[in-house]
1. Treating only the Cβ atoms of Lys and Arg (+1) and Asp and Glu (-1) as charged, compute the dipole magnitude of the chain about its Cα centre; round to the nearest 20 debye.
2. Return the sequence-ordered ³J(HN,Hα) values of the range 165-171 in whole Hz as given by the Karplus equation 6.51 cos²θ - 1.76 cosθ + 1.60 applied to θ = phi - 60°, using x for Gly and Pro.
3. Here are some values of volume of the Cα convex hull per residue in Å³: (i) 149; (ii) 190; (iii) 116. Which one was computed from this structure?
4. Mind checking the range 128-168 for GluC sites (Glu not before Pro) that DSSP puts in a loop (not H, G, I, E or B) and that have at most 15 other Cβ atoms within 10 Å?
5. In straight Cα distance, which aspartates and glutamates are under 20 Å from LYS129, not counting same-chain residues fewer than 8 positions off?
6. May I ask you to list the lysines whose Cα is less than 26 Å away from that of LYS123, ignoring any residue fewer than eight positions away on the same chain?
7. Between ASP68 and ASN99, what FRET efficiency comes out of the Förster formula 1/(1 + (r/R0)^6) with R0 = 25 Å and r the beta carbon distance, rounded to 0.05?
8. What is the extension gain from THR29 to ARG112, computed as 0.36 nm multiplied by their sequence separation minus the C-alpha to C-alpha distance, in nm to one decimal?
Amino acid sequence: MNETASRSADTEPAETREEGVAYIGQSMTRMRLMTGRRLIGRLAIQSIAPGLELSHLDVLDAVRRAQDAGEVTVGTIAEMIRIDPSRASRVVSDMVGRNVLRRKASQSDARRIVVVMTPLGQKLLSELKAQKLEIVSEIVEDWPKEDIDTFARLFDRYISGFEAVFQTRIKDVTDEG
């Protein structure tokens, strides 16, 4: 925390901070319920790849996130989205059959099979991003630019803090077990 933020936090009444924290918690619950319906994913599937399921999008997103770190295996996908490796294998097979993903031999070990996105998979990811940006744009269309910029900065700071707390707590749990 920077010095200015630390000073203002020390001078604010505890009740005011607690009310704000409670309000954030309530808003998070509402957001979780809305995102739990997975509207953005459903819209993308409807417009670009009818017949896919939301689990397909989870796998596609896992491939997108993992590919920057190297080759992506079914085991990597299973771990990232926290599903059984046999379930991940079935979903990947289905996606290969639909030409969203493809399997190929690893460049580092030809005995290993890795998963890569096809052009259709890339198009589906692009559609997901477009749907998400369209919804966010619609939500903030009547906000002043300064509010959008402030919210973007604070929301990113909040999510980064959330990830840090989550990673610390997961590490503590796995170190104990």
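1. Computed charge dipole of the chain: roughly 1240 debye.
2. Result, rounded to whole Hz: 5, 4, 4, 5, 5, 5, 4.
3. (ii)
4. Counting only loop positions with at most 15 other Cβ atoms within 10 Å, the GluC sites (Glu not before Pro) in the range 128-168 are GLU141.
5. Reachable aspartates and glutamates: GLU53, ASP58, ASP61, ASP68, GLU138, GLU141, ASP149, ASP156.
6. Answer for LYS123, where 26 Å is the Cα cut-off: LYS104, LYS132, listed by chain and number.
7. For R0 = 25 Å, the calculated efficiency reads 0.65.
8. 25.7 nm
No lab work stands behind these numbers, since they all come straight from the coordinates. In this text the structure is predicted, and so the values were computed from the model without any measurement. So basically every Cβ, Gly included, is an ideal-geometry build from the backbone, and we count neighbours across all protein chains shown.
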